[in-house]
1. Closer than 21 Å to I11 by Cα, part of a helix (DSSP H, G or I) and out of contact with any strand residue (DSSP E or B) (no Cβ under 6 Å at 6 or more places or on another chain) - does that describe any residue in segment 99-109?
2. Filter segment 14-27 down to residues that are open to solvent by 80 Å² or more (accessible area, probe 1.4 Å) and modelled with pLDDT under 90, then give me how many there are.
3. Among (1) among the polar types (S, T, N, Q); (2) open to solvent by 60 Å² or more (accessible area, probe 1.4 Å); (3) at pLDDT 95 or above, which single condition is S158 missing?
4. Quick test for you: out of A74, A62, pick the one residue that is under 22 Å from G10 (Cα atoms) and assigned to a helix (DSSP H, G or I).
5. Among (1) open to solvent by 30 Å² or more (accessible area, probe 1.4 Å); (2) under 14 Å from G154 (Cβ atoms), which single condition is S72 missing?
6. Give all pairs with beta carbons closer than 7 Å in which a residue from segment 81-106 that is under 17 Å from V6 (Cα atoms) and surrounded by 13 or more Cβ atoms within 10 Å (Cβ to Cβ) meets a residue that is at pLDDT below 90 and of a type in the set (G, A, S); count only pairs at least 6 apart in sequence or on separate chains.
7. Taking L112 as meeting all but one of (1) out of contact with any Ser or Thr (no Cβ under 7 Å at 6 or more places or on another chain); (2) assigned to a helix (DSSP H, G or I); (3) open to solvent by less than 40 Å² (accessible area, probe 1.4 Å), write down the number of the exception.
Amino acid sequence: MKRLIVTFCGIYLVAVALAAATTGHGLIEPVPGYRLAILWMAPETLEARLDALIGARRSFEAMVYAGTHALSWAVIGTLVLIGLIRPLLGPSRPLANTRASAVVLGGLAGLLLLAHVAQPILDEASRIPSASTMLSSLPAYWLAGMALSAAITGSHLSLIVHDIVLWCLARWRGAETMPA
């Protein structure tokens with residue numbers, strides 16, 4: 001199953017890289033008027049980035065970003081579905097590295113909380129003229145961060161869901177089916 005996840009994430013990352021390459025040099029040109037956001041998973045971030053791109057008359061890049069955003073959520077959902085289904089198809093054993101998954105998902109939970117708590121501060125800060133928002137306003141930065149975090153989050157969720165289903169099956173069928 002790990003090979004399937006790695007292959008799936010590899011194909012996804014290549015697809016995002018190819019989609020990003022279609023934007024040409026615009027990928028590394030800062031988007032004027034971008035309001036800083038913390039987490040790509042927050043609906044406000046999608047709205048802010050698309051508004052900034054459209055406001056800068058970069059509609060093709062906005063379409064690439066929106067498509068990649070939707071694809072990223074689809075990848076996470078598909079990986080969770082793979083983790084859900086795989087234990088039902090035949091013999092399996094626990095796969096998740098609990099410590100690594102706890103770090104990744106704990107970090108994600110922290111970012112979700114930070115994004116929620118910090119949004120009013122970011123809204124106020126966006127009104128202050130800034131000398132540079134160079135890195136945070138680059139579409140390449142947005143796409144790379146989104147793609148990598150979707151692949152990592154989806155992979156860990158897939159393995160965790162797999163192990164939870166495996167544990168539930170062992171409880172339901174009896175302890176003799178739970179692998180050691």
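The values are calculated or read from the model by the stated rules, or taken from the named source; none is laboratory data. Bear in mind the structure is a predicted one, so any value in this text is a computation, not a measurement. Ideal geometry is used to build each Cβ from the backbone, glycine not excepted, and the neighbour counts take in all protein chains shown. Only protein heavy atoms, including side chains, enter the accessible area calculation; ligands, DNA and RNA are left aside. Shrake-Rupley method; radii C 1.70, N 1.55, O 1.52, S 1.80 Å.
1. Going through segment 99-109, the residues closer than 21 Å to I11 by Cα turn out to be none.
No.
2. The number of residues fulfilling the criteria is 1.
3. All conditions pass for S158, except number (2).
4. The unique qualifying residue is A74.
5. Result: S72 fails condition (1) only.
6. Going by the 7 Å Cβ cut-off, the qualifying pairs are R86/S92.
7. Result: L112 passes all but (3).
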